[in-house]
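> The structure is given below, and queries will be raised subsequently.
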Amino acid sequence: MNAAERNRFDKLVESVLADLPAAMHNLLEEVPLLVEDTPDPALLKTTDCKAEEICGLHSGLNLAERSVEDLPEIPETIHLFRVGILEIAGGWDTWQDEDGTPMGGVDVVREEIRITLLHEIGHHFGLDEDQLERLGFA
């Protein structure tokens with residue numbers, strides 16, 4: 001991914017963040033949000049996926065797992081991965097799949113960023129994959 005693509009992607013992240021309710025902004029002041037091209041090798045080892053398949057990741061203990069006695073081994077962080085999100089969204093250019101379904105484009109990338117961010121925020125609150133899917137964040 002080149003610098004222009006990163007900049008384009010990061011501006012969409014900023015746009016998505018600007019549209020979130022104030023409560024979400026407060027959360028993101030407590031939980032760092034990292035936007036990276038792909039997961040680093042150590043982080044990738046914690047999953048069963050390839051780097052280009054991962055859109056986001058919540059690392060650390062979620063609120064439902066925490067205790068006042070816990071010392072976090074891994075600091076809680078929300079990660080967004082540019083390559084995975086662009087892959088799932090279908091890329092920057094609009095096109096149609098074999099069924100004629102529209103794919104790709106800036107609006108689709110922005111929506112995938114929003115869904116991925118809300119998905120990872122859901123993990124922060126202890127929601128599992130089934131719960132997130134019912135909410136439309138999977």
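The values are calculated or read from the model by the stated rules, or taken from the named source; none is laboratory data. Predicted model, so just to flag it, every value in this text is computed and none were measured. Every residue, glycine as well, gets a Cβ built from its backbone with ideal geometry; the counts of neighbours run over all protein chains shown.
> Would you say Val106 is among the β-branched types (Val, Ile, Thr), under 20 Å from His124 (Cα atoms) and modelled with pLDDT of 90 or more?
Values: among the β-branched types (Val, Ile, Thr): yes; under 20 Å from His124 (Cα atoms): no; modelled with pLDDT of 90 or more: yes.
So Val106 fails the test.
> Any residue at all in the range 113-124 that's exposed (fewer than 14 other Cβ atoms within 10 Å of the Cβ) and either assigned to a helix (DSSP H, G or I) or at pLDDT below 80 (or both)? Before you say what the answer is, go through the steps one by one.
If we filter the range 113-124 for residues that are exposed (fewer than 14 other Cβ atoms within 10 Å of the Cβ), which is where we start, we get none.
No; the residues of the range 113-124 include none that is exposed (fewer than 14 other Cβ atoms within 10 Å of the Cβ) and either assigned to a helix (DSSP H, G or I) or at pLDDT below 80 (or both).
> Within the range 1-44, work out how many residues are surrounded by 15 or more Cβ atoms within 10 Å (Cβ to Cβ), assigned to a helix (DSSP H, G or I) and of a type in the set (S, T, N, Q).
0
> Let me ask something additional. Please state which of the following conditions Thr77 fails to meet, knowing it meets all the rest: (1) at pLDDT 90 or above; (2) among the hydroxyl-bearing types (Ser, Thr, Tyr); (3) surrounded by 15 or more Cβ atoms within 10 Å (Cβ to Cβ).
It fails just one condition, (1).
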